[in-house]
1. Output yes when any residue across the range 82-96 is in a helix (DSSP H, G or I), touching a residue at least 60 places away in the same chain (Cβ under 8 Å) and under 23 Å from A179 (Cα atoms), and no when none is.
2. Go through the range 142-153 and report how many residues are without any contact (Cβ under 8 Å) to a residue 40 or more places away in the chain and of a type outside the set (S, T, N, Q).
3. Of everything in the range 143-168, what is closer than 18 Å to R103 by Cβ and either at pLDDT below 75 or not in a helix (DSSP H, G or I) (or both)? Give them in sequence order.
4. Which of the residues belonging to the range 104-118 are in contact (Cβ under 8 Å) with a residue 12 or more places away in the chain and assigned to a helix (DSSP H, G or I)?
5. In the range 161-186, which residues are crowded, with 16+ Cβ neighbours inside 10 Å and over 29 Å from L92 (Cα atoms)?
6. Looking at the range 124-174 only, could you name the residues that are in contact with a His (Cβ under 9 Å, 6 or more places away or on another chain) and basic (K, R)?
7. List the pairs whose first member sits in the range 41-58 and is without any contact (Cβ under 8 Å) to a residue 24 or more places away in the chain and under 12 Å from V94 (Cα atoms), whose second member is crowded, with 21+ Cβ neighbours inside 10 Å and of a type in the set (A, V, I, L, M, F, W, C), and whose Cβ atoms are under 9 Å apart, counting only residues at least 6 apart or on separate chains?
Amino acid sequence: MEGDDGRVNPYASPLAEDVAAGPDVPLDIAHLERIRRTHLSREATIESLGLVCYLVGVLGIGLLALAVAFLDLLITTGVIELLLVLVYLAFLAVTVWVGIGLRGLSSSARIPGIVLSVIWLLASAPMFNPITLLISMSGLWCLLGKKASYIFTPEYKHVIAATPHVRYKTSAVSWILLAILIIGVLFAMMIPGVR
């Protein structure tokens, strides 16, 4: 979009020209498709991260519930252990909420997703768990930066609504890697509890 002096603003929104034209001017679908295809890979990565968060949180809550039910954890533990279980449960609940938010590209889940990625990064450092390290680094990569911040805007939601036919094709290898990552994260989460 050009400013008053005729120069192009490199920081202008990709839709700025269409929005500046007014609400009665139809948006150019080809232009919106270009915007969507430019951001589609990052969008799919964010949604995949959301799926990992959701599944890790749900499976972690399930494993915690089984541990409480079958190991009589609440009867045989002290106050400190009970507080740790409650903190762990709250962390898993937040993980589920972040997963749901990232799957829906909700802007309210972006900052908690970054914080969660940092926590996973710090948690994986002492044990050097490569799977958790990979997920946390991937989370930071896909949630930080200009592309990520644009994906979480209402403007990009408009682009998605106008281009529902533009889809990201996920390969079978990606699904297998996702399953391995989820199993690895769950295994890493269970190791401190087993010790």
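The values are calculated or read from the model by the stated rules, or taken from the named source; none is laboratory data. Just so it is clear, the model here is predicted, and its values are computed rather than measured. Cβ placement follows ideal geometry from the backbone for every residue including glycine, while neighbour counts extend to all protein chains displayed.
1. Quick first cut of the range 82-96, residues in a helix (DSSP H, G or I) only: 82-96.
Next, only the ones that are touching a residue at least 60 places away in the same chain (Cβ under 8 Å) stay: none.
No, because not a single residue in the range 82-96 is in a helix (DSSP H, G or I), touching a residue at least 60 places away in the same chain (Cβ under 8 Å) and under 23 Å from A179 (Cα atoms).
2. Keep residues of the range 142-153 that are without any contact (Cβ under 8 Å) to a residue 40 or more places away in the chain, which gives 144-146, 149.
The next check asks that each one be of a type outside the set (S, T, N, Q); those that pass are 144-146.
Total meeting the criteria: 3.
3. Answer for the range 143-168, where residues must be closer than 18 Å to R103 by Cβ and either at pLDDT below 75 or not in a helix (DSSP H, G or I) (or both): F152, T153, P164, V166, R167, Y168.
4. Across the range 104-118, the qualifying residues are S107, A109, R110, P112, G113, I114, L116, S117, V118.
5. A162, T163, V166
6. The answer is K147, and nothing else.
7. From the range 41-58, no pairs qualify.
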